[in-house]
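Enquirer: I'd like to ask you about the structure that follows.
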Amino acid sequence: MATVIAIDLSVSMLRDIKIKDTKESFTLLQLATHGVNVLLDYLAIHSKLEFVAVVTFSSTCDVLCSFTRDYDLIKAKITQLEFRTNTCYPPVIQTINYLVHSEWSNSVTCQVIMITDGNCYEGLRKPDMTPFLFPGKLIVVPLDQVSSLYKNNYDSNKLPNGLGYISSPELPLTPSSVAKAFEKIAKETYVPYSAMLRCGHLKSDVHLIPPPMSYTKAADFEIMTCCISSELNIIGFIESSKVECPATLSRHLVLPQRILDESSETNEASAKTPSFCVLLHGALKVENMIAVCQLSSNWYGLLVSWADNKKKSNLMLIILEPGTNAIPWLGDIRNLTLSPTELCKSDVDETQPTKTPDKRSYNQSQLVWIKEAGLQADIQKILRQARKMPDKIPSFYKELNRIRKAAIAYSFNDLLTSIADLLDIECSNLPGGTHPDCAIQLSHAAMELRKPLAMDPKLTITPMITKYAQHDLM
């Protein structure tokens, strides 16, 4: 669901290519732009969910357009490209790694299509070329009339270190030959994964987007490779609260297949046929359940109703790690069933899995800031206790030290300075009838937070001893 297009803007892309038997001529960059437009037109019809980003490179690399599904915006931006200096490939790999990691993560599959001159046969094989940090492949399209001279020096179009391969358009270079090259890449790369979703006698043809990849794992004495079957068999259902968030390999949208037929009668008949995929999605959403499906031998996945907002939801397949113990707190997935003897017991209504007699402690001394609301609530708690001093002096310093130590553990050093500024603002806004010890303690705490020793996790900020009788910490 992610593609990065890298366009070479070096001086070599300024070279004119004259079309035989015509008076027309095109630069290599114009042919590259034409090829990108062909690719975007294909995605707009056959793969509308694909996110596309564009980077340009020469001696440096810049992001022209971040990941978007607005293909018209990309077409408008690639018509305004300007030439630069010579070609350098290592910055391209580094920029694409950073772009994919910042927008998605290193676990998301991403395809990279690079359009450059014929020097790629030699330039992409240098020792300083580093591989991608995410799963995917690099497809290089060289636009040069003499690319065969470079190609003959190497045995294969495959790039080293599994980086990808080179796909050259047919010579002589023309807009039609470049368009055919990009159409071939699009048809080979953006192939939807078709599967049969089955639950008993109910079944439905579905597409998985993005296509799932095979999983390879090194065992003790062998390398294990797992591939997903073309049939997704639902083996049972379980409540969402019992599954929570297990470790996953990938997530895929499950969409019902559309029957592409020119006859209107076939289209009308298929539109009236109930879809099991739609039925399953609605049932899981209403009942708040999860369907456990078997992908292949000893490999399982979860079908859930996933919503990115309150109005729109989709059926999603979550692929677990291969094995029968992919969800440790549920145990062996093959044992998640009720035998006839269990159904006869009086405690049949007892929830599964059964609770252990161990009593766990839910006292949490650490602070976890996953969202802004959690951090904001902790800081507001300090400010509320600050306004109630001197009665709340011990609680104020206790919470202050907890937040300070958590910020040090997370390397959130700027938080200490920000809290000190908030305490100064709170001190200046105190009403006239406030106890004088409140202003003294606020100024003291702000000053201690700004000291270099405040970054020491072993240090504990203590209250300032004052002459006021109300401040009795003993």
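Enquirer: Test each condition in (1) open to solvent by 30 Å² or more (accessible area, probe 1.4 Å); (2) in contact with an Asp or Glu (Cβ under 8 Å, 6 or more places away or on another chain) for GLU82 and report the one that comes out false.
Expert: Result: GLU82 passes all but (2).
Enquirer: A further question follows. Of all residues in region 19-29, which are part of a strand (DSSP E or B) and surrounded by 15 or more Cβ atoms within 10 Å (Cβ to Cβ)?
Expert: Within region 19-29, the subset part of a strand (DSSP E or B) is 25-27.
If the condition is that a residue be part of a strand (DSSP E or B) and surrounded by 15 or more Cβ atoms within 10 Å (Cβ to Cβ), then PHE26, THR27 are the ones that fit.
Enquirer: Another question about this same structure. Output the qualifying pairs, or none if there are none: Cβ atoms under 7 angstrom, residues six or more apart or on different chains, first residue in region 1-16 and free of Cβ contacts under 8 Å to residues at least 60 places away in the same chain, second residue open to solvent by 30 Å² or more (accessible area, probe 1.4 Å) and outside any helix (DSSP H, G or I).
Expert: Listed by first residue and then by second, the contacts come to ASP16/SER25.
Enquirer: Checking ALA377 against (1) modelled with pLDDT of 85 or more; (2) touching a helix residue (DSSP H, G or I) at 6+ places or on another chain (Cβ under 7 Å); (3) among the aliphatic types (A, V, I, L, M): exactly one of these is not met. Which one?
Expert: (2)
Enquirer: Of everything in region 404-418, what is assigned to a helix (DSSP H, G or I), out of contact with any Pro (no Cβ under 6 Å at 6 or more places or on another chain) and either of a type outside the set (D, E, K, R) or closer than 18 Å to GLU372 by Cβ (or both)? Give them in sequence order.
Expert: Of all residues in region 404-418, those assigned to a helix (DSSP H, G or I) come to 404-409, 413-418.
With the extra rule that they be out of contact with any Pro (no Cβ under 6 Å at 6 or more places or on another chain), the set shrinks to 404, 406-407, 409, 413-418.
Selection gives ALA406, ALA407, ALA409, ASN413, ASP414, LEU415, LEU416, THR417, SER418.
Enquirer: Right, something else. Going through region 211-225 one residue at a time, which ones are open to solvent by 30 Å² or more (accessible area, probe 1.4 Å), part of a loop (DSSP other than H, G, I, E, B) and in contact (Cβ under 8 Å) with a residue 60 or more places away in the chain?
Expert: Within region 211-225, MET213 is the sole residue that qualifies.
Enquirer: Please work out if ALA32 is part of a strand (DSSP E or B) and of a type in the set (Gly, Ala, Ser).
Expert: On the way: part of a strand (DSSP E or B): no; of a type in the set (Gly, Ala, Ser): yes.
Criteria not met by ALA32.
Enquirer: On to the next question. Can you find even one residue in region 226-240 that is open to solvent by less than 80 Å² (accessible area, probe 1.4 Å) and farther than 30 Å from ARG258 by Cα?
Expert: Within region 226-240, not a single residue is open to solvent by less than 80 Å² (accessible area, probe 1.4 Å) and farther than 30 Å from ARG258 by Cα.
Enquirer: Moving on. Are there any strands (runs of 3 or more DSSP E) wholly within region 116-201 with 2 or more residues that are within 28 Å of the chain's Cα centre (by Cα), modelled with pLDDT of 80 or more and surrounded by fewer than 16 Cβ atoms within 10 Å (Cβ to Cβ), and if so which?
Expert: The qualifying strands (runs of 3 or more DSSP E) are 193-199.
Enquirer: From ASP437, ASP424, ASP391, grab the single residue that is surrounded by fewer than 18 Cβ atoms within 10 Å (Cβ to Cβ) and assigned to a helix (DSSP H, G or I).
Expert: The unique qualifying residue is ASP424.
Enquirer: Among all residue pairs at least 6 apart or on different chains, which show Cβ distances below 8 Å where the first residue, located in region 426-446, is more than 11 Å from ARG387 (Cβ to Cβ) and the second is among the aromatic types (Phe, Trp, Tyr) and at pLDDT below 80?
Expert: PRO436/TYR468; ASP437/TYR468
Enquirer: Is at least one residue of region 51-72 over 29 Å from the mean Cα position of the chain (by Cα) and either buried (at least 17 other Cβ atoms within 10 Å of the Cβ) or closer than 17 Å to PHE182 by Cα (or both)?
Expert: no
Enquirer: Consider region 87-102. How many of its residues are within 13 Å of the chain's Cα centre (by Cα) and in contact (Cβ under 8 Å) with a residue 60 or more places away in the chain?
Expert: Residues in region 87-102 being within 13 Å of the chain's Cα centre (by Cα) and in contact (Cβ under 8 Å) with a residue 60 or more places away in the chain: 2 in total.
Enquirer: Of the residues LEU367, LEU383, which single one is outside any helix (DSSP H, G or I), touching an Asp or Glu at 6+ places or on another chain (Cβ under 7 Å) and surrounded by 13 or more Cβ atoms within 10 Å (Cβ to Cβ)?
Expert: None of the other options fit; the residue is LEU367.
Matching residues to (1) part of a strand (DSSP E or B); (2) at negative phi; (3) at pLDDT below 90:
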position: ILE17; (1), (2), (3): yes, yes, yes
position: VAL38; (1), (2), (3): no, yes, no
position: TYR42; (1), (2), (3): no, yes, no
position: SER59; (1), (2), (3): no, yes, yes
position: SER66; (1), (2), (3): yes, yes, no
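The values are calculated or read from the model by the stated rules, or taken from the named source; none is laboratory data. Everything quoted here is computed from the prediction, not taken from an experiment. Cβ: placed from backbone, ideal geometry, glycine included. Neighbour counts: every protein chain shown. Remember, those area values only see protein heavy atoms, side chains included, never the ligands or the DNA or RNA. Shrake-Rupley method; radii C 1.70, N 1.55, O 1.52, S 1.80 Å.
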